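Here's the structure, in C-alpha cells; my notes come after.
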Amino acid sequence: MGASDPVVERETQKKEEEGGGGEEEEEEVRDVEKGEVVVEEKVVDSNSNVNINDEQRGFNASMMQTLNPTNPLRIVINGGRRVTAPRIATPPPSQPSRQAPRIATPPPSQPSRPRSISTSPPAPTPTPQASRTALNSKKYTNKISLFLFVLHMILAIGLVGFLVFKGIQGLILASESIKRKEKRVLKYLLPQVEAASLLSISLSFSWQKAVRVWPKFMVHFILWSSFFLSLSAGILLICFQKPATDGVGVCFIAFAIGNGLYACWVSQRIGFCCKVLIISLQPVSKFSDLNQPTYWMLGTGFLWMSFWILAVIGALNFYFPPLIIIALVLSLAWTTEVMRNVVNLTVCRVISLYYILGMQSSTQFCFQRALTQNLGSACLGSLFVPTIEALRIVARGLNLLEGEDEFMFSCAHCCLRIMESIFRCGNGWAYVQIAAYGKGFVQASQDTWALFERQEMEPIVDSDITSSICFLTGVCSGCICVIVTAAWTAKVHQPFTATISLLTFIIGYLMTRIAMALPQACVSCYYVCYAQNPDNRLFDSTIKDRLSLMKAGRDVVVPTPRVPHRFRET
C-alpha cells in the first residue's frame, strides 16, 4: 500500500488538473457568450481567415460572429491580461454552430507587439473640381477697395444730407428770389425725375421678364429698338430748337448711327448668342427667389435717387454748382454699379454652385455673402470693368481704321497690346470665380482667362454680345425716359428740358442695368463653369460644336480686337 500511494496521488492530481481545465473551459465559454475574448500574448484581428482549433487555444468561441468590415477592430492582449471587446451579436440559441472564430495572427517574421484600437472611418473622396473649403471661403476680398467705397459712401451721405439741408434752408430763410427759384425747380424738375425713376423700374422688370421668356426675339428687338429709340430721342430734342437741347440731341443721333452699324456688324453672332442665352437661363426656373436681390437693390436705388435729386437741387444754392453736380453724378454711377454687381455676384454664386456641385443653394445666404465677403471685389470691378468695356470699343474702332497710315497703325498696335494685358488682369467674367471661390478680382480675372485659354474658348468669349445686349437694354430704357420727360418738360417749363433729359437718361439706364444683371450672370456662369469642367453632364455640346466649326473654318466670327499673332513676341 505504501508503494502504491505515490501512484494514487499522481492519478488523483491528474484528475484534479483535468477537472480544473474543464472549469476553465466552461468559464471561457461563458465569457465568449458575454462578448468577452481571452487570449494570452496574441493579437486578434476579426478580418483574418485563419482558423484556430479550440483544443489548441483552450477556449471555445463558437458564438462569435464576424465584425463590421467597414470599422475593423483589433483586440490586444498584453502579458496574458484579459481585455474585454465590445458586445458582438450572437446567433439564436437554436443554431448549434460550433465553428471557431477567424482570428488574425501576425506573420511569423514580424514580432508580436501591442496595437491600438483603430475605429476611424475611411477618408472621404475629395471633389474633383473644387473642395468645399474653397467654395465656403470666409475671407473678405479686395479690402482696400471695400474701404474706399465705404469711405466714399460716408462722404456721399454727408454731402447729400448737407445739400438737402441747404435746399430746405433756401426755401425757409433765403431771399424771395432764391425761394422763387427753388420752388420753380421743385415744381418743374422733381416730379419728372421721380416719374423717370418709377418708369425705369417698371421698364427694367419688363425687359428682364421679356428676355427670360422670349430670348431669341428680344435679342433682335433690343439691337434695333435701341437704334430707333435713340434716334427718336435725338430728333425730338433737336425739334425744340434750343442750343442745349440741340447739343444733347446730336449726341443721341451720333450714338444711334454707331448703334446701327454695330447691329449690322454683329448680325453673324446673333444666332449663337440666342442659343447660349436660352440654355443659360434654364436653371433660373429652379430658384423661385432668385430675383429678390434685384428687388432690394432697385428699391434701395429708388430711395437713394430720391435723396440724390434733392441734393442736386440744393447744390444750385451752393458754391460751384457744376462741379458738385458732376461729383454727385459720378458717385451715383459708382453706387448703382456696385448694386448691379451685388446682384451679379448673388446670381453667379447660386448658378455656379448648381453647375459645380449640382446643389440648390440659398439665395438669401448668397445675397448676404455678396454684401459682406465679396463686396470689395464688386467695388473694384465696378470701377475697372466699365473702363475695360470702353477700351474694347476704342480698340475695335482703331482696328477698323488701321490701314496704310503708319500713325494709325502704331496706335492700333499699342491699343491692342494694352487690351491684351488688361483682359488678363480684369474682365467681367471674373465675378463667377469671385462668387464661387471667394477670390480677389485680379486673381479671379487671371484664373478665368487661363481657363478660357486652356479650353481654347477665347474666340467664343471675345465674340459674345450678351454684355452689349444688356448695355443696349439700359440705353432703351434711358431713351424712353428721355422721350417722356422731355415732352412733359417742354410743355410745362422748356428751359429745363436739356437738364432733365440728361438726368432721366442716366436714371433709366442705371436702374435697368441692375435688373439685367441676372441674365448676364447666367451667361457668365455657363461659359466659366463649362471651361472649368466641360464633361459636366449639365452641359450640352453647344460650345463644343461651335469650337469645332470655328477650327474647321465653317463658322465666321468677328472677335474683339486682340494682338495679332504676327505681332506677338515668340
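Across the stretch 406-439, which residue is farthest from the chain's Cα centre (by Cα) among those that are at pLDDT 85 or above and open to solvent by 20 Å² or more (accessible area, probe 1.4 Å)? Only one residue tops the list, namely 425. Got at least one residue in the stretch 304-320 being in a helix (DSSP H, G or I) and within 27 Å of the chain's Cα centre (by Cα)? Among the residues of the stretch 304-320, at least one is in a helix (DSSP H, G or I) and within 27 Å of the chain's Cα centre (by Cα), which makes the answer yes. Would you mind stating whether residue 316 is more than 30 Å from residue 538 (Cα to Cα), of a type outside the set (S, T, N, Q) and open to solvent by less than 50 Å² (accessible area, probe 1.4 Å)? No: the conditions fail for residue 316.
Taking the criterion of being closer than 24 Å to residue 498 by Cα, open to solvent by 10 Å² or more (accessible area, probe 1.4 Å) and of a type outside the set (Gly, Ala, Ser), would at least one residue in the stretch 271-293 satisfy it?
Filtering the stretch 271-293 for residues closer than 24 Å to residue 498 by Cα gives none.
Scanning the stretch 271-293 turns up no residue that is closer than 24 Å to residue 498 by Cα, open to solvent by 10 Å² or more (accessible area, probe 1.4 Å) and of a type outside the set (Gly, Ala, Ser).
Yes or no: the stretch 221-242 includes at least one residue that is of a type in the set (S, T, N, Q), without any contact (Cβ under 8 Å) to a residue 12 or more places away in the chain and either touching a Phe, Trp or Tyr at 6+ places or on another chain (Cβ under 9 Å) or farther than 24 Å from residue 336 by Cβ (or both). Spell out the reasoning first.
Of the stretch 221-242, the ones of a type in the set (S, T, N, Q) are 225-226, 230, 232, 241.
Applying the additional criterion that residues be without any contact (Cβ under 8 Å) to a residue 12 or more places away in the chain yields 241.
If we keep only those that are either touching a Phe, Trp or Tyr at 6+ places or on another chain (Cβ under 9 Å) or farther than 24 Å from residue 336 by Cβ (or both) as well, we get 241.
Taking every residue of the stretch 221-242 in turn, at least one turns out to be of a type in the set (S, T, N, Q), without any contact (Cβ under 8 Å) to a residue 12 or more places away in the chain and either touching a Phe, Trp or Tyr at 6+ places or on another chain (Cβ under 9 Å) or farther than 24 Å from residue 336 by Cβ (or both).
Check 471, 505, 496 and return the single one that is open to solvent by 30 Å² or more (accessible area, probe 1.4 Å), more than 20 Å from residue 235 (Cα to Cα) and in contact (Cβ under 8 Å) with a residue 24 or more places away in the chain. Talk me through it step by step, then tell me what you get.
Details: 505 fails: more than 20 Å from residue 235 (Cα to Cα); 496 fails: more than 20 Å from residue 235 (Cα to Cα).
That would be 471, the only listed residue that is open to solvent by 30 Å² or more (accessible area, probe 1.4 Å), more than 20 Å from residue 235 (Cα to Cα) and in contact (Cβ under 8 Å) with a residue 24 or more places away in the chain.
Against the conditions (1) modelled with pLDDT under 95; (2) of a type in the set (A, V, I, L, M); (3) over 18 Å from residue 282 (Cβ atoms); (4) open to solvent by less than 50 Å² (accessible area, probe 1.4 Å), residue 480 satisfies every one except (1). Tallying residues that are at pLDDT 95 or above, more than 13 Å from the chain's Cα centre (by Cα) and either open to solvent by 30 Å² or more (accessible area, probe 1.4 Å) or of a type in the set (A, V, I, L, M, F, W, C) (or both) within the stretch 335-371 yields 2.
Does residue 377 satisfy being of a type outside the set (Asp, Glu) and touching a Gly at 6+ places or on another chain (Cβ under 9 Å)? Yes, satisfied. Each residue in the stretch 189-237 was checked for being β-branched (Val, Ile, Thr) and more than 25 Å from residue 496 (Cβ to Cβ), and 4 of them qualify.
Given the criteria aromatic (Phe, Trp, Tyr) and within 14 Å of residue 479 (Cβ to Cβ), does residue 252 qualify? For residue 252, the condition - aromatic (Phe, Trp, Tyr) and within 14 Å of residue 479 (Cβ to Cβ) - is met.
The values are calculated or read from the model by the stated rules, or taken from the named source; none is laboratory data. Because the structure is a prediction, the values reported are computed rather than measured. Here the Cβ is made from the backbone with ideal geometry for all residues, glycine too, and neighbour counts use every protein chain on show. Just the protein is used for accessible areas: all its heavy atoms, side chains included, with ligands, DNA and RNA removed. Shrake-Rupley method; radii C 1.70, N 1.55, O 1.52, S 1.80 Å.
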